[in-house]
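See below for the structure under consideration.
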Amino acid sequence: MVSRLLVLLAALHVSRAAAACNNVSAVSVTLDTLFAEYAQYMAPATPVVVRAALDVRHASVDEGAAVVRLLADLRLSWLDPRLAWNETELECKSVLVPAERLWRPDVELLNGAAGEGAADGSVRARLTLDSQVLWIQRLNVAVPLAIDLTDWPSDRQSAVFTFGSREHTAEEIALGIDDFRYATVWESGTWMIESVVGEKAALGSKPVISWNVVLRRRAAAHALASGAVLTAAALVLLTAVVLPPQQRHSLCACAAFTAALWLTSALLRLPGSATCPRTLSCMAGVLGAAGACCAVAAMLARLARVQRPPPPQLRAMLSKAPSWAVATSPQDSDSSSASWAAAAQLLDNVLRAALALTLLVLVCVAL
């Protein structure tokens, strides 16, 4: 019974407070009284402690212009004792007032350009009973970006948005950063916001705060396609390595054609991929490996047909080589071609192992 009574009393108090806030006459009289002798061009104190929070609603990277575009709300709050009222005069805990009637800190973006609708000052400010002022600026801004596409298509781009006052010094305005639970809508676009970290800094005598916005590219299809093409070309080359030197040319040409076709028809046309060092380097590595495989196969085939007598050093090296590396030993036959064939086989085994290791490294680096 007591709990029900308490609930009824709380509901009655809330309804009375809501009724007080809906009483336009009472609110108007209270605000007129507060602003009767209010000087909006004078700061409420020295220094004024202004707390800031950045609520990022949307961010994207314009790779053509090398900028990060940001849609956000900059929430500023400070104390203005001149705007406090007595609860006996008005039971409403907070009211909305036109922002142009208040003193406001001139906190703005220092290292970027504002777009259409940036820093919208028409948003009303909220006054609370304890003289707290909350004002929100709607931001549509862009800052320069040093694009690093080394890890494309899984790259991360970082941009710093620096805010501060151009007219006031740190002795007049003390800027701080508030912890804020970001109400950002995570959009299903090319870029996803990974983190937003605020930091207080100093720029000479000016108060400065900044937020580091990190965006991660979401290009699963690009990553899958690049990895699939690179893996397919590497597997074709590995298959060619298993074959005898006389039968490798067609598979090596097929692997080189696959990588070159992807480079020219798709990779260089995808957004931002024309300057991605890692993926381009891996594709170029596959092309180089295919060309080297063809060149080595031709050289080995020519070496095995040499008829001139081999030098003694070659015979000594072949005699010390393990049996699994050289199936044909120069002692099996006194002909010069047998020694050169054994040398070609030993060189072929070494180059095949090096090529397989190179392809493995390229695939691991790319993926």
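Listing for the model above:
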{"quantity": "Selected residue (criterion: farthest from the chain's Cα centre (by Cα)) from residues of segment 60-115 that are under 14 Å from Leu134 (Cα atoms) and of a type in the set (Ser, Thr, Tyr)", "calculated": "Ser94"}
{"quantity": "Qualifying residue in segment 268-288 (condition: modelled with pLDDT of 80 or more and surrounded by fewer than 17 Cβ atoms within 10 Å (Cβ to Cβ))", "calculated": "yes"}
{"quantity": "Hits in segment 121-156 - residues which are of a type in the set (Gly, Ala, Ser) and crowded, with 20+ Cβ neighbours inside 10 Å", "calculated": "Ala125, Ala142"}
{"quantity": "Among the candidates Thr264, Thr258, residue that is surrounded by fewer than 17 Cβ atoms within 10 Å (Cβ to Cβ) and β-branched (Val, Ile, Thr)", "calculated": "Thr264"}
{"quantity": "Pairs where the first residue, in segment 348-367, is more than 26 Å from Thr150 (Cβ to Cβ) and in the same structural domain as Leu287 (by TED's automatic domain parsing) and the second is in a helix (DSSP H, G or I) and small (Gly, Ala, Ser), C-beta under 9 Å, 6+ apart", "calculated": "Asp348/Ala297; Leu351/Ala292"}
{"quantity": "Yes/no for Val133 being of a type in the set (Val, Ile, Thr), closer than 29 Å to Ala43 by Cβ, in a loop (DSSP other than H, G, I, E, B) and touching a helix residue (DSSP H, G or I) at 6+ places or on another chain (Cβ under 8 Å)", "calculated": "no"}
{"quantity": "Condition broken by Glu89, with the remaining ones in (1) among the acidic types (Asp, Glu); (2) touching a helix residue (DSSP H, G or I) at 6+ places or on another chain (Cβ under 9 Å); (3) modelled with pLDDT of 85 or more satisfied", "calculated": "(3)"}
{"quantity": "Selection from segment 197-245 of residues that are within 19 Å of the chain's Cα centre (by Cα) and surrounded by fewer than 19 Cβ atoms within 10 Å (Cβ to Cβ)", "calculated": "Val197, Gly198, Glu199, Asn212, Val214, Arg216, Arg218, Ala220, Ala221, Ala223, Leu224"}
{"quantity": "In segment 101-122, the residues that are in contact with a helix residue (DSSP H, G or I) (Cβ under 9 Å, 6 or more places away or on another chain) and at pLDDT below 85", "calculated": "Gly121, Ser122"}
{"quantity": "Among residues of segment 22-58, those that are of a type in the set (Val, Ile, Thr), farther than 21 Å from Leu109 by Cα and surrounded by fewer than 15 Cβ atoms within 10 Å (Cβ to Cβ), counted", "calculated": "4"}
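The values are calculated or read from the model by the stated rules, or taken from the named source; none is laboratory data. On a predicted model such as this, the values are computed, not experimentally measured, just so you know. All Cβ positions, even for glycine, are placed from backbone atoms using ideal geometry, and neighbour counts span all protein chains on display.
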